[in-house]
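The values are calculated or read from the model by the stated rules, or taken from the named source; none is laboratory data. Values in this document were obtained by computation on a predicted structure and should not be read as measured data. Because the Cβ atoms are built from the backbone with ideal geometry, glycine has one as well, and the counts that use them run over all protein chains shown. Note: areas computed on protein heavy atoms with side chains; ligands, DNA, RNA excluded. Shrake-Rupley method; radii C 1.70, N 1.55, O 1.52, S 1.80 Å.
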Amino acid sequence: KKIFVLLRTHSGHDFSQYKPNTVYRRIERRMAMQQIENAEGYIKYLQQTPAEIEALFQDMLIGVTHFFRDPEAFEALEKQVISGLFSEKKPNEVVRVWSAGCSTGEEAYSLAILLAEHQQRLKERINIQIFATDIDSRAIAAARAGMYPASIATDISRSRLDRFFTLESVDGFYQVNRKLRDMIVFSEQNVIKDPPFSRLDMISCRNLMIYMGHELQQKILPLFHYALNPGGFLFLGSSETIGEFGNLFSTLDRRAKIYRKNNEPQKAGLYRFMPPMTAAGEPVARPQQKKTAQGKSLREITENALIKQVIPAAALVNAKGDILYLHGRTGSFLEPAQGEAKVNNIVTMAREGLQRELANALRKVTAGMESVKCPNLQVKTNGDYITIHLTLKTLQHGISDQAPDDTKQSADSPLILVVMETAEPQFRDGSHLSADSALDQTKDTEAGDGDQAVIAALRQELRAKEEYIQTTGEELETANEELRTSNEEMQSYNEELQSSNEELETSKEELQSVNEELSTVNTELQNTVADLTRANDDMNNLLAGTCIASVFVDHALKILRYTPAATRIINLIKTDIGRPVSHIASNLEGYGNLEQDIHEVLNTLVPKETEVRTRAGAWYTMRILPYRTLNNVIEGVVVTFTDISAAKRAQHALQEAHVRITKAIVEAVHEPLLVLDSGLEVLSANKAFCDAFAPEPDGVVGRRLYDLGNGQWNIPNVRKLMEETLPAELAVNDYVLSAEFAGTGFRRLQINARTISDEGDSSFILLAIKDITRDINRDTGENNDQQG
């Protein structure tokens, strides 16, 4: 109910009387799309999101339609109705048609095509006007435009397409011709609450009432009856019927659901909402007769007095004996039957002595006799017997159109007048006697005419037959009651089946609507798949054409994709897709931390880069990067291998050239010179160093500085210089070292050291040594000479 209130506030349309199951399905569909599990949550969402109310309103309007839907029904309409619409029209008059619930206009244009084709076959000029209405403003706008996709060619013949449509070459849509569009007036209208059109020749309302509850259907059909001209036609959907309004419409084609308005005063239509009006809009005026002071005319007084004096008690019944009208005092002949109140059947209500003869006479009249007379019947009334004459007479077949609805019979049902007239019993000579004396006389006569025993036996047999007949009548009455109950149950079943049929038709409409939506989505998905296929082909060609080996790995470290170049580094085949990285053997030499490095990148999202070497001697720069989607979501990592073998070879050649040049420079220096690596191992030593400190040059290269000359350089000052001063200052100039060197004695050395780093992480130390022992001794001797 809250959802109905929100919809009514938003759109002005009330869906509370629509079929509940349909409404539930549409609401559940919207809840599923918004991923809301209960109605309370969806109501809050509707209150907070006006756009969702509009979406729900559009979902309630199941716009399933196409041209000439149900071709057999439209074929029957063309043959049985279309010509009849024009037959009683004069030149320049208008054929008025209403298409209620027209959706996007296909049905209205289908009717316009049939009417236009018949109009062209006529010699007289008769105009056509079609009113097409719907509560969906978007559908009305689309119908006014008259633009339809090329797929309508499956529903419309080629000749009709050429005559009534124009193919737009730009976008492949069919445009309805101007002449056909001018016949139709599209407007937004609610058939439930807005005033209907009037003076219509035909109404087409197909598959609209299947969504409505019984109360709305009870309201709409009388409105249609009011809106139609006498003899107008009603065209319904394949699962819709006129229901209980058989008195308003007659069936023209039950299979095609075509009905025709009955030309009788309609009490069930708009007359229940407003009084009957004349053409000028004034209430119908009835002729007035002269009244007496008591309010009755002289004619009425005279007729009533004559009726009371002349006409005996009578009843008007139908063929079943149901009482339609009573006249006079019938209480002496009829009384209500005991038990449950039933239909006023004259046989059931007849008193003792009248019931059997009345039933027999009613059967004779129904069988075809015009009249039946039963004289001198003894009827028990208030403990006494009276003599009556019973007369049954067939009056006519059917009832006038002006008769009340509850007294109308079909054309084949006769009306029977039952006359019950009180009479005195007669003697054989024709004289009358009272009832009591007649009984006594009868007894005496019977006693004197034969044996008393025979008379008693006959009376007993007669009494038994009467009891048997009475029992049979009661059983027949019970059977009739059972049949009546069964008939009511069958009517109930019929209504339930009709409701189920409408429900199935509604479900079919919804499924067709969903199918159309799925077809649209399927087309979009096919286009998307085609685009993705092209993009996938481009990516595969790009990956196959690039020399960069790449491996895509998901969160679980399973391989998703790889480029052909990656197979030279890691042993991959097509069946390895989906397998963990740890299951794959690689050709890398000295590197086994791939799984750990991937975990580290996934945890820190910091790219990792390192150089790796294959067993074949090729060098690669391996980069592990997080795999990010367009929404910046991490879905795994990308491992790329860039071939740097050529760069490595160039670097190695450069290092070798550098070493050769360095060695040449070292050899060219006359002072002792060492080239050390960062670990203080000798990379190169010149001849001057070997001559001064190492008699065996081949035993110098590859040894640590502290191990040279049986450890002669392993002294604290040298360690402090090489391990503390030089790493901190990167250069030492003219450092004087005085120490006792094994094998060479005391020496005083001047040391210059430099730390040289290349573009990589490696570095080496250039150590130049100058022996200043002799210089110091010579300077000392010169000073002594000068002093002497």
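So here's what we get for this one:
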| item | result |
| --- | --- |
| Failed condition for Glu502, given (1) within 24 Å of Phe641 (Cβ to Cβ); (2) surrounded by 13 or more Cβ atoms within 10 Å (Cβ to Cβ); (3) touching an Asp or Glu at 6+ places or on another chain (Cβ under 8 Å) | (1) |
| Pairs with Cβ under 8 Å, 6+ apart, first in region 135-157 and without any contact (Cβ under 8 Å) to a residue 40 or more places away in the chain, second assigned to a loop (DSSP other than H, G, I, E, B) | Ala142/Thr104; Ala142/Gly105; Pro149/Gly172; Ala150/Gly172 |
| Total residues in region 98-119, condition in contact with a helix residue (DSSP H, G or I) (Cβ under 7 Å, 6 or more places away or on another chain), open to solvent by 20 Å² or more (accessible area, probe 1.4 Å) and either in a helix (DSSP H, G or I) or more than 15 Å from Arg69 (Cβ to Cβ) (or both) | 1 |
| Some residue of region 59-76 being loosely packed, with under 13 Cβ neighbours inside 10 Å and within 20 Å of the chain's Cα centre (by Cα) | no |
| Qualifying position, being outside any helix (DSSP H, G or I) and either modelled with pLDDT of 70 or more or of a type outside the set (Val, Ile, Thr) (or both), among Ile388, Ile469 | Ile388 |
| Entirely in region 1-61, the helices (runs of 4 or more DSSP H) that have 3 or more residues that are touching an Asp or Glu at 6+ places or on another chain (Cβ under 9 Å) and within 21 Å of Thr506 (Cα to Cα) | 20-33 |
| Cβ pairs under 7 Å, 6+ apart, first in region 81-99 and under 18 Å from Ser250 (Cβ atoms), second modelled with pLDDT of 90 or more and not in a loop (DSSP other than H, G, I, E, B) | Val81/Met202; Val81/Phe233; Val81/Ile258; Leu85/Val95; Leu85/Asp201; Leu85/Met202 |
| Single residue of Ala653, Ala685, Ala657 found to be in contact with a helix residue (DSSP H, G or I) (Cβ under 9 Å, 6 or more places away or on another chain), open to solvent by less than 70 Å² (accessible area, probe 1.4 Å), more than 28 Å from Ala544 (Cβ to Cβ) and without any contact (Cβ under 8 Å) to a residue 40 or more places away in the chain | Ala685 |
| Elements of type strands (runs of 3 or more DSSP E) contained in region 158-235, each with 1 or more residues being in contact (Cβ under 8 Å) with a residue 60 or more places away in the chain and either open to solvent by 40 Å² or more (accessible area, probe 1.4 Å) or among the small types (Gly, Ala, Ser) (or both) | 200-205 |
| Which numbered condition Asp440 fails, given (1) farther than 26 Å from Thr241 by Cα; (2) open to solvent by 80 Å² or more (accessible area, probe 1.4 Å); (3) at pLDDT 75 or above | (3) |
| All positions within region 559-593 that are open to solvent by 50 Å² or more (accessible area, probe 1.4 Å), aliphatic (A, V, I, L, M) and part of a loop (DSSP other than H, G, I, E, B) | Ile573, Ile577, Ala585 |
| Close pairs (7 angstrom Cβ cut-off, 6 or more residues apart or separate chains): free of Cβ contacts under 8 Å to residues at least 24 places away in the same chain in region 10-25, outside any strand (DSSP E or B) and open to solvent by less than 60 Å² (accessible area, probe 1.4 Å) anywhere | Ser16/Phe4 |
